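Every read-out reported here was derived from the displayed coordinates using simple, explicitly stated rules and does not represent laboratory data. It should be emphasised that the depicted structure is a prediction, and the values quoted were computed from it without experimental measurement. Reconstructed Cβ throughout: ideal geometry from the backbone, glycine too, with neighbour counts over all protein chains shown.
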Amino acid sequence: MPLLQITASRHGLTSAAAPVDCRGAPVSDSADAQIRHALAGLPDAAPVLIMIHGMGYVPGLAAVDPHRLVYAPRSGQTTRRYLSWPRHLRFTPEPATGGAASPGLCIGFGWNGGGGVWAASRAAAASAQPLARLIQMIRRAAPHRRVDLFAHSLGARVALGAVPLLHAGALGRVFLLAGAELGPRALRVLDTPAGRTAEFFNVVTRENDIFDLLFELSQIPLYGRGRSIGLGLSDAPNWLDVQIDHAPTLQRLAALGFDLAPSGLRVCHWSVYLRPGIFRLYRGLVHHRDRLALPVLREALLEPPQPRWSRLIPRGQVLPFPRHGPSLPP
């Protein structure tokens, strides 16, 4: 199935590399033409998914180009962190087993996440507008198709920032993996036309606590004090917090047919996509939406995330720093 590589630049939406088409057909360099070509002939129920990387990636810079790393059609790097998202989501074939790709269109959305946390935070907010334009291109080409977003870390700010710029029903499912965004900003997004009609899966883990804290502190000069969505956010019917290192949640996921391997890690920003078994869950949520309806999942998984530091500090132990500031446990 097609995998498109699109980058947000000062010139608009551009092709980051030669588009990948499993049929070998030529594709135009125009983003709009690429999208129309890729959508032609797809089954009506096939998903369209846009992947959004986090901080540190810079399209065109070989060592940190997301199109060569996490957006690549297959994992070609020795570093495990750079596994191929489209391959594990089954939008590209599985070469090791000969497994076929699932129908659908996968788009890698590149934005400039370099330059430090403040520069990347501002760039993420600014990249929401070109992402919204990309979604609108897809909707114009195929108004009946849902568009899903799959965002890691500061990519969550890009994804959530695009939501208020869209019409109701423009988005299907929004997956936020260890999302780097503040709760008050995310709550405002939910109260918009597209925010009220989309389904949000906020995948969190206490392994990310130190990253959440550092993110909160870094945002004070930009947006003031606020808690990260990594602590959980909302009881809204279209928002679900899923803590993947919480034993009851893992048991309920296993009962639904998704066995996630236990993790011995206490600190990890990438376990939301590196944990063995996690991509099977994401594939199910993307490709089998009807079987994994949000009301069913909410009934099985609706339980607030554990408090911050619960994996690092034994219950009842005194915290090793003062209990004050915008980001410490209450």
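Rounded to the nearest 10 degrees, the inclination of helix 209-223 to the longest alpha-carbon principal axis of the chain is 80 degrees. Quick check: the angle from helix 278-287's long axis to the longest principal axis of the chain, C-alpha only, nearest 10 degrees? Result, in degrees: 50. Rg ratio for the range 134-291: its Cα radius of gyration over 2.2 N^0.38 Å, N being its residue count, equals 1.04.
For the chain, compute the orientation-averaged projected area of the C-alpha convex hull (one quarter of its surface), in nm². Show your work: numbers first, answer last.
Details: hull surface 65.7 nm².
That works out to 16.4 nm².
Relative to the longest principal axis of the Cα atoms of the chain, the long axis of helix 117-141 makes an angle of roughly 40 degrees. Quick one: work out the % antiparallel among DSSP beta bridges in the range 3-301, nearest 5. Of all bridge pairs located within the range 3-301, approximately 20 percent are antiparallel.
Within 10 Å of each residue's Cβ, count the other Cβ atoms and sort Met137, Met55 from fewest upward. Kindly include the intermediate steps, with their values, before the conclusion.
Numbers: Met137 19, Met55 22.
In increasing order of surrounding Cβ atoms, one gets Met137, Met55.
Among Ala100, Ala162, Ala198, whose mean-square fluctuation peaks in a Gaussian network model of the chain (Cα, cutoff 10 Å)? So, out of Ala100, Ala162, Ala198, the one fluctuating most is Ala100. Ordered by the count of other Cβ atoms within 10 Å of each Cβ, fewest first, Asp259, Asp290, Asp191 give Asp290, Asp191, Asp259.
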